[in-house]
Structures are given as C-alpha cells and as structure tokens.
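Chemist: Below is one structure. I have some questions about it.
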Amino acid sequence: MNIHYLTLFPEMYQGVLNTSILGRAKEKGIVNYHAVNFRDYSGNKHNKVDDYPYGGGAGMVLKPEPVFNAMEAMDLKSPRVILMCPQGRPFNQKMAEELSEEEDIVFICGHYEGYDERIRTLVTDEVSIGDYVLTGGELASMTMTDAIVRLIPGVLSREESHQEDSFSTGMLEHPHYTRPREYRGMEVPEVLLNGNHALIEQWRREESLKRTRERRPDLLSDQ
Ligand code: ADE
C-alpha cells in the first residue's frame, strides 16, 4: 500500500511513521509513506496556498491550484482520496478495515478555515476523527494511518493479533490479567487460573458484554 499525505508540514510525519509498528511495516516493504508539501505545487511565484474568502468573512481558504497540481503530479490510477475535515463522516473500525485493502490512499490535510469547494471534486471521502476541531488534518491522518496499517496482513505478529480487538468483534474487550497472581491485595479472577478453556471463554464473553453495556451501549444497539 502507498499512503500519500498532502500537507504543509511534512516534518510532522517523521517521528510517527518511522516508529514502532508503522515503521516496521515500512521496513518490511508492506507500506510506503509519502508526505508531499503542496506548497511546492502552488503554481505562483510567492508560493501562496491560501487566500481571502469570496464574499468576505473571517479566516483564509485553501486555494484549489496547489491541491490539483499535487494530485496531478502524483498521477495515481484509482486512489482513495480522503479530505480530513471535522464535517466529514466519523472514522471507525469498519472504515479502517475497508481502507486497509486499498492500493493508494491520499490524505488531504488543510490548516485553514476551509477548503475551496472545488477541491471536493477530487475527493472520494470526507472523514472526521471525532467531534472536536484540530489545528489541522495531519494528526487526524496519522491516527487513521495507525488504525489502517495495523490491519494489513503481515503487519502485526501473531501475538499482536487484531482479531479480538475492541470494535472488531462489535464489543469492547474483556479484562486482562498477567502475573503476579495477587498484587496489593487485588486477586486475578479464579476462573482464569484453572485451565478450563470453555469456562474462560464464557467468562470473557460475559465480561465483554458487561463492559460494553456499561460503557458503550450504543455498540449493542448498532447490531
Ligand atoms: N481537521 C480538523 N479537525 C479535524 C477532525 N476532527 N477530524 C479530521 N480532520 C480534522
């Protein structure tokens, strides 16, 4: 998979994409990341990428030329083009699963009051990572990248498997325990110690359901 980021701050990506599982996925050749500064495609001698809104009003608007020019220079066959935007469809695990099967993903990350509306003609999806406003789309695109890349076959090891993740199963995960068996007076539940796998499975299912009911009842009514 190739993931492209159209951004004014390509340096923001360096640490995140080269670290831990995202970095390892790149080293394994499973994914490649390309952070492109669209200021290089402004098409004007002052490298201007934003301008005042027609009709007046506060804030600047991202001009169409830098984004169109950068997209044309990339010349991708049939990419998913995702506009990072608080007005977009809320990102979730199902979307991450679907995007993990793509060949090329482009994230368009603005830092402005808005995008010139014509930019939206290049876009296949508008996505928000939550009901809050960030200073720009970069952190949102990195969050999405993290959720997507870990789902690509070969990225996680067997121990890190995502099959039982919260949300993949439609429910939150059950509680986990490791050694020591007793810590500061807190005991590991007896059922996990007796080696009866059927009972352990049953306990985990019940705990998972209980936790989902308590914390995210909306997940149960979605099914
Ligand atoms: N850009 C600014 N806020 C955002 C959000 N919540 N999601 C995606 N992109 C954004």
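Chemist: From the C-alpha coordinates alone, can you work out the Kirkwood hydrodynamic radius of region 1-62, in Å?
Modeler: 13.9 Å
Chemist: Let me ask something additional. In whole Hz, with x marking every Gly and Pro, tabulate ³J(HN,Hα) for region 34-47 from phi via Karplus 6.51 cos²θ - 1.76 cosθ + 1.60, θ = phi - 60°.
Modeler: 9, 9, 10, 7, 6, 5, 5, 10, 4, x, 9, 6, 8, 6
Chemist: Assuming a strict under-29 Å limit between Cα atoms, what lysine pair count do you get for region 1-139 once near-sequence pairs (fewer than 8 apart, same chain) are dropped?
Modeler: Counting lysine pairs in region 1-139 gives 9.
Chemist: Relative contact order of the chain: what whole-number percent is it, with Cα pairs under 8 angstrom and at least 6 residues apart?
Modeler: 19 percent
Chemist: What is the sum of charges around Gln163, taking Lys and Arg as +1, Asp and Glu as -1, for the other residues whose C-beta is under 13 Å from the C-beta of Gln163?
Modeler: -4
Chemist: Continuing with this model, one more query. I'd like the antiparallel share, as a percent to the nearest 5, of DSSP beta bridges with both residues in the chain.
Modeler: The antiparallel fraction comes to roughly 15 percent.
Chemist: While we're looking at this one, here's another question. Working from the alpha-carbon coordinates of region 39-99, get Rg over Rh, Rh being the Kirkwood radius.
Modeler: My calculation puts Rg/Rh at 1.07.
Chemist: Further question on the same structure: May I have the pair-distance distribution P(r) for region 53-158, computed from all Cα-Cα distances with 10 Å bins from 0 and rounded to whole percent?
Modeler: Pairs per bin, as whole percents: 14, 43, 32, 9, 2, 0.
Chemist: Which residues' amide hydrogens lie under 5 Å from the amide hydrogen of Phe107, considering only partners 5 or more residues apart or on another chain, with H built in the peptide plane?
Modeler: Result for Phe107 returns His4, Tyr5, Leu6, Ile82.
Chemist: Quick one: compute a quarter of the convex hull surface over the Cα atoms of the chain and quote it in nm².
Modeler: 16.7 nm²
Chemist: How would you rank Cys109, Cys85, going from fewest to most other Cβ atoms within 10 Å of each one's own Cβ?
Modeler: With the sparsest Cβ surroundings first, the list reads Cys85, Cys109.
Chemist: So what's the angle, to the nearest 10 degrees on a 0 to 90 scale, between helix 138-149 and the longest Cα principal axis of the chain?
Modeler: Here the helix axis deviates by roughly 50 degrees.
Chemist: Would you list Phe9, Phe167 from fewest to most Cβ contacts within 10 Å?
Modeler: Ordered from fewest to most neighbouring Cβ atoms within 10 Å, Phe9, Phe167 come out as Phe9, Phe167.
Any read-out appearing in this document is the output of simple, stated calculations on the displayed coordinates, not a laboratory observation. This structure is a prediction, so every number in the text was calculated from the model and none was measured. Here the Cβ is made from the backbone with ideal geometry for all residues, glycine too, and neighbour counts use every protein chain on show.
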